[in-house]
Amino acid sequence: MDSWIAKQYEELRRIEAEGFSPSGVLAPFHDALVPGIRGLGERGFSTALGNLHERIALAIGEYAHAEARRAFDLTGALPVLAREFITQRINQLARGEATPDHRYERAQLLGAFGDEVPAATRVDLYIKTHAGEDHYFEIKSPKPNRGQSIEMKQRQLTALGIRRDATAFAWWGVPYDPYGRAEAYAHPYPLRFFDFAHEVKLGPAFWNFAGDDPATYDFLLELYRGVGAGYDQALDELRAAVAGTAA
């Protein structure tokens, strides 16, 4: 928080002294209606917070499970049939010729056989449970674009194709639900590629799994609120400065 606030003041200084925004945050029409509405560096803050989510998920996973690793590289042999299935499946989903069905996709990959080729993929978070299950998570924005959705799906299916084991699972882990309820999720790109009931852990489901405790999400949110409360005055001053620059 201290680092982010300092960067925002430096951005304000550059805008006032040199007349340009290094981060490209100027929005004169938005700010003419509601001064400061766009905030300053919000996109950069969201990116930094996304990285923080991964680090916190790692710390929680290390405490609650047998093993947890971030930026985990998975390598192994991938059947040619599995590789071709992944390519064709993603193309079908992208064209709208099929609907997401994770149980079907999983069955096809775990049952693949024949000639193999070397393969590798990197997942954002790997967790091994005390029961011996391996869980591979992609952790991206709750509203990924089409390319990000395809990339996540590719990595998830590749992880399953390499492992081909009933104890291996691949997920899109979403730190928070922007729609408030899983059944209300409406961002179009992920809906085309993901079977939400069987390959997505959204908001509380993700954190409660990472912590192996149904109270993890609520506890973590309270910690965030506590940290935020300690910055109330600093943030009020920053918002006033942003609004003053936009006015």
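The values are calculated or read from the model by the stated rules, or taken from the named source; none is laboratory data. Keep in mind the model is a prediction, meaning the values are calculated, not measured. Glycine also receives a Cβ, built like all others from the backbone with ideal geometry; neighbour counts cover every protein chain displayed. Accessible surface areas use protein heavy atoms only, side chains included; no ligands, DNA or RNA. Shrake-Rupley method; radii C 1.70, N 1.55, O 1.52, S 1.80 Å.
A compact table of results
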| read-out | value |
| --- | --- |
| Residue match in the stretch 161-171 (condition: farther than 19 Å from Pro100 by Cβ, modelled with pLDDT under 95 and of a type in the set (Ser, Thr, Tyr)) | no |
| Elements of type helices (runs of 4 or more DSSP H) in the stretch 20-98, at least 1 residues being in contact with a strand residue (DSSP E or B) (Cβ under 7 Å, 6 or more places away or on another chain), modelled with pLDDT under 95 and closer than 24 Å to Lys143 by Cβ | 42-64 |
| Residues of the stretch 206-222 that turn out to be outside any helix (DSSP H, G or I) and either surrounded by 15 or more Cβ atoms within 10 Å (Cβ to Cβ) or of a type in the set (Ser, Thr, Tyr) (or both), as a count | 1 |
| Contacts under 8 angstrom Cβ, first residue in the stretch 115-134 being in a loop (DSSP other than H, G, I, E, B), partner of a type in the set (Val, Ile, Thr), 6 or more apart | Asp115/Val80; Gly132/Thr167; Glu133/Thr167 |
| Residue list for the stretch 160-200, restricted to those being touching an Asp or Glu at 6+ places or on another chain (Cβ under 9 Å), assigned to a helix (DSSP H, G or I) and under 14 Å from Thr121 (Cβ atoms) | Leu160, Arg163 |
| Test: residue in the stretch 149-170 that is surrounded by fewer than 16 Cβ atoms within 10 Å (Cβ to Cβ), among the polar types (S, T, N, Q) and out of contact with any helix residue (DSSP H, G or I) (no Cβ under 7 Å at 6 or more places or on another chain) | yes |
| Sole exception among (1) within 28 Å of Gly76 (Cα to Cα); (2) among the small types (Gly, Ala, Ser); (3) more than 17 Å from the chain's Cα centre (by Cα) for Ala184, by number | (1) |
| Some residue of the stretch 127-141 being within 27 Å of Glu97 (Cα to Cα), at pLDDT 95 or above and among the basic types (Lys, Arg) | no |
| Among residues of the stretch 65-77, those that are under 19 Å from Gly161 (Cα atoms) and either open to solvent by less than 10 Å² (accessible area, probe 1.4 Å) or small (Gly, Ala, Ser) (or both), counted | 3 |
| Residue within the stretch 3-13 that is in a strand (DSSP E or B), at pLDDT 80 or above, farther than 13 Å from Val242 by Cβ and not basic (Lys, Arg) present | no |
| Number of the condition not met by Arg164 [criteria: (1) on the phi < 0 side of the Ramachandran plot; (2) in contact (Cβ under 8 Å) with a residue 40 or more places away in the chain] | (1) |
